[in-house]
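Asks: Submitted below is the structure of interest, expressed as structure tokens.
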Amino acid sequence: MSRDHDLPEAPRRRLMLKGAALAAGALTAAPGLAQAAPTPREPHPEATTPYGNPLVLQRADPHVTRHTDGLYYFTATVPEYDRIVLRRARTLNGLGAADESVIWRAHPTGPMGAHIWAPELHRIGGKWYIYFASAPAEDVWAIRIWVLENAHADPFRGTWVERGQIKTAWETFALDATTFKHRGTRYLVWAQHEPGMDNNTALWISKMADPWTLTGPQVRLSTPEYDWECVGYKVNEGPYALVRNGRVLLTYSAGATDWHYCMGLLTADAHSDLLDARSWAKSPVPVFTSDDTTKQYGPGHNCFTVAEDGRTDVLVYHARQYKEITGDPLHDPNRHTRAQKLGWKPDGTPDFGVPVADTVEEGA
């Protein structure tokens, strides 16, 4: 297996998918139209701990946010890479049984026509925004970052307006955008290939002028350098921020998307200049990895949310239940969403532990 490095798009973040399924993709719904809101339902809303893992089957790159209405909103990459889905539930455990709506579909031709990856749902300035990666249907590796906006209070209703591509310093492979606000400033962090660099993707940060426009310098925070970041491919991607205990924590994922996939960590003082790369300390070892004891493999592309008590931090991520994969890892649909409590050490630094064993029987 190899990424196609001969095309001008340079580093291939993922392995090439079999053509026709992605390029055309039986796309029937008009882009931008949201479906009616499903009613949150869960079979056992009182069972909030332990989390029933896998939490949501065949949903990779998960993003969960707890809104002010007390509900958990969930989106993720689907195995077909052709649409953006949304669920909500009163509990984290409820997300697995929650109804799922398709709120946007890939275009049949042209931009935003292929490789719909890693959506994140954010509430900014009284509107909903979804950040996601996609490519033209005719050039499926020319992946860039795009933004949808919905002014309705309910993200399952209203219209999702395509705000367009987030323009970065270069027209190169870019994906996995996340946003956070800290000390009054909104930032975007994402993964992108820098021309002339011998890697697939590095991590970048910039201030935002509005939810789809960058302003000021774009600063490289991390590039693959350690062995565990360079297994198969030299990848830093899937960043996500959490501010706790006087620190800004930035997790990310590294390595090939098989069992070598793992999570790294950057840390900055909460009062430091986040646009100064020197403010960030990088862990020389991964902080969350595959575990043969619990039989969880390739954990990564995480986000953070809080438990139903409103205080306990929760780590949400994807992983597979087996180590060996036949063929292209991206053709394997079984990257399931999982959740577990995020631990904290006495010095206030995070304790990720290991990916917990399954608690839900397959097919249950």
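Only the coordinates and a few stated rules stand behind these numbers; no lab work does. Just so it is clear, the model here is predicted, and its values are computed rather than measured. Every residue, glycine among them, receives a Cβ derived from its backbone with ideal geometry; neighbour counts consider all protein chains shown.
Asks: Tell me, what is the FRET efficiency for ALA97 and GLU162 to the nearest 0.05, using R0 = 22 angstrom and their Cβ-Cβ distance as r?
Replies: 0.10
Asks: Hey, how many Å between the Cα centroid of segment 233-301 and the Cα centroid of segment 304-340?
Replies: Cα centroid of segment 233-301 versus Cα centroid of segment 304-340: 15 Å apart.
Asks: Would you be so kind as to identify which of PRO155, TRP212, SER253 lies farthest towards the positive end of the dipole of segment 118-277, taking Lys and Arg as +1 and Asp and Glu as -1 on Cβ and the Cα centre as origin?
Replies: PRO155
Asks: Within the chain, what's the longest stretch lacking trypsin sites (Lys or Arg not before Pro) that sit in DSSP loops with no more than 16 other Cβ atoms inside 10 Å?
Replies: Answer from the scan: 42-156.
Asks: Can you tell me which of ILE325, ILE130, ILE166 moves the most in a GNM of the chain? Springs connect C-alpha atoms under 10 Å apart.
Replies: Fluctuation is largest for ILE325.
Asks: If you don't mind, another one. In whole Hz and in residue order, list the ³J(HN,Hα) couplings for segment 150-164 that follow from phi through the Karplus curve 6.51 cos²θ - 1.76 cosθ + 1.60, θ = phi - 60°; x for Gly and Pro.
Replies: Using θ = phi - 60°, the values come out as 9, 7, 6, 5, 9, x, 7, 10, x, 10, 8, 8, 7, 7, x Hz.
Asks: Rounded, prolate or oblate for the chain? Axes are the square roots of the Cα gyration tensor eigenvalues, ordered a ≥ b ≥ c, and the cut-off for rounded is a/c under 1.5.
Replies: Because its axes are fairly even, with a/c under 1.5, the chain counts as rounded.
Asks: Ignoring GluC sites (Glu not before Pro) that are buried or in helix or strand per DSSP, and keeping those with at most 11 other beta carbon atoms within 10 Å, what is the longest stretch of the chain between them?
Replies: Between the exposed loop sites, the longest stretch runs 47-323.
Asks: Along the charge dipole of segment 19-351, Cβ charges K/R +1 and D/E -1, which of HIS318, TYR240, THR91 sits furthest on the positive end?
Replies: Of HIS318, TYR240, THR91, it is THR91.
Asks: What pairs in LYS127/LYS181; LYS181/LYS207; LYS234/LYS282; LYS295/LYS341; LYS207/LYS234 have C-alpha atoms more than 20 Å from each other?
Replies: Long pairs (Cα-Cα over 20 Å): LYS207/LYS234.
Asks: What does the charge count near TYR51 come to, summing +1 for each Lys or Arg and -1 for each Asp or Glu among other residues with Cβ under 12 Å from its Cβ?
Replies: Result for the local shell: 0.
Asks: Rounded, prolate or oblate: which fits segment 89-161, taking a ≥ b ≥ c as square roots of the Cα gyration tensor eigenvalues, rounded meaning a/c under 1.5, else prolate when a/b beats b/c?
Replies: Prolate shape, in that a/c is at least 1.5 and a/b is the bigger ratio.
Asks: Would you work out which of LEU71, LEU57, VAL102 lies farthest towards the positive end of the dipole of the chain? Charges go on Cβ: Lys and Arg +1, Asp and Glu -1.
Replies: Sorting the options by dipole projection puts first LEU71.
Asks: Normalised by the number of residues in the chain, what is the relative contact order in percent for Cα pairs under 8 Å and 6+ residues apart?
Replies: It rounds to 15 percent for the chain.
Asks: Okay, moving on. Which residue, ASP176, ASP328, ASP309, tops the fluctuation ranking in a GNM of the chain built on C-alpha contacts under 10 Å?
Replies: Sorting by GNM fluctuation, first place goes to ASP309.
Asks: Karplus couplings for segment 271-278 from phi (6.51 cos²θ - 1.76 cosθ + 1.60, θ = phi - 60°), rounded to Hz, Gly and Pro as x?
Replies: 9, 7, 7, 5, 8, 9, 4, 5
Asks: Sticking with this one: Given +1 on the Cβ of Lys and Arg, -1 on the Cβ of Asp and Glu, and no further charges, what dipole in debye does the chain carry about its Cα centre, rounded to the nearest 20?
Replies: Rounded to the nearest 20 debye, it is 880 debye.
Asks: Sticking with this structure for a sec: Just to check I understand the Karplus step: with θ = phi - 60° and J = 6.51 cos²θ - 1.76 cosθ + 1.60, what whole-Hz values come out for segment 87-104, glycine and proline as x?
Replies: 10, 8, 7, 6, 10, 4, 4, x, 5, x, 9, 5, 4, 10, 10, 8, 9, 6
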